[in-house]
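A.B. asks: Before we start, here is the structure in question, set down as structure tokens.
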Amino acid sequence: EIRTPMNGIIGMIDLLVASPLTTEQLEHAHQARASAEQLLSIVKEIDSEWFGVTWDSGNFRSADPYRELEMIAPYAVTAQIKVKVAGKPADLPRVVGILNAVNYRGWLALEYEEEEEPKVAVPRYLAELRRLTAAPAPAAK
């Protein structure tokens, strides 16, 4: 399971760097960034169709979670879409766009953990995801 350490490292660095830091703390933040980059380089070096990451849109909590999702997207073998990203309503067109940009062709799983009645909310979110992922109709001849 590489998802948890990668998300933990990458997802928290921006929050740390955005806060007031001493010189020593800033050095630690730079070390954490280097660790994240090393971990990502390991993922890049493994040349196997059987290796990848679970792309989970809800695991990023930095100032720019969509940038982090873009970094991981090329290595996704499965994608879990949550209705919130970094505690805010997910920009579903942007989430799907990130996956489309890397030609992702795997499964999309909606993970719903919100307060609204799931019997009402889940069908609405699924309809939106279906609309966003639908292939364009062939041009009429």
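A.B. asks: Divide by every residue of the chain the summed helix terms, -39500 (n - 2.57) for each DSSP H run of at least 4, and state the resulting mean residue ellipticity at 222 nm, rounded to the nearest 500 deg cm²/dmol.
C.D. replies: -16500 deg cm²/dmol
A.B. asks: Relative contact order for segment 77-141 using alpha-carbon pairs under 8 Å, separation at least 6, rounded to a whole percent?
C.D. replies: Relative contact order comes out at 39 percent.
A.B. asks: If you don't mind, there's one more thing I want to ask. If you roll a 1.4 Å probe over the chain with all protein chains in place, what percent of the accessible area is carbon or sulfur?
C.D. replies: 56 percent
A.B. asks: With every protein chain left in place and a probe of 1.4 Å, what is the accessible surface of Glu49, to the nearest 10 Å²?
C.D. replies: In the full protein context, Glu49 sits at about 150 Å².
A.B. asks: Compute the whole-percent fraction of alpha carbon pairs in segment 72-141 spaced more than 14 Å apart.
C.D. replies: 63 percent
A.B. asks: In the chain, what percentage of the DSSP-assigned beta bridges are antiparallel, given to the nearest 5?
C.D. replies: Bridges in the chain are about 20 percent antiparallel.
A.B. asks: Moving to a separate point now. In sequence order, what are the phi-derived ³J(HN,Hα) couplings for segment 60-74 according to the Karplus relation 6.51 cos²θ - 1.76 cosθ + 1.60 with θ = phi - 60°, rounded to whole Hz, with x for glycine and proline?
C.D. replies: 9, 10, 7, 5, 9, x, 5, 5, 5, 4, 4, 5, 8, 3, x
A.B. asks: Using alpha-carbon pairs under 8 Å, 6+ residues apart, how would you state the relative contact order of the chain in percent?
C.D. replies: Result for the chain is 20 percent.
A.B. asks: Ala79's amide H: which non-local residues (gap 5+, or another chain) put their own amide H closer than 5 Å, with H modeled 1.01 Å from N in plane and none for Pro or chain starts?
C.D. replies: Answer set, sorted by chain and number: Trp55, Trp107, Ala109.
A.B. asks: Lys84: net charge of surrounding residues, Cβ under 13 Å, Lys/Arg +1, Asp/Glu -1, itself excluded? Don't skip to the end; give the middle numbers.
C.D. replies: Numbers: positive: Arg61, Lys82, Lys88; negative: Asp56, Asp91, Glu111, Glu113, Glu114, Glu115, Glu116.
Its environment carries a net charge of -4.
A.B. asks: Counting heavy atoms of the protein chains only and a 1.4 Å probe, report the per residue accessible area for the chain as a whole number of Å². Intermediate values should be presented prior to the final figure.
C.D. replies: Values: 9080 Å² over 141 residues.
Accessible surface, normalised per residue, equals 64 Å².
The values are calculated or read from the model by the stated rules, or taken from the named source; none is laboratory data. Being a predicted model, the structure only gives us computed values, none of them experimental. Here Cβ is always computed from backbone atoms with ideal geometry, including for glycine, and neighbour counts include all displayed protein chains. Heavy atoms of the whole protein, side chains included, go into the accessibility calculation; ligands, DNA and RNA do not. Shrake-Rupley method; radii C 1.70, N 1.55, O 1.52, S 1.80 Å.
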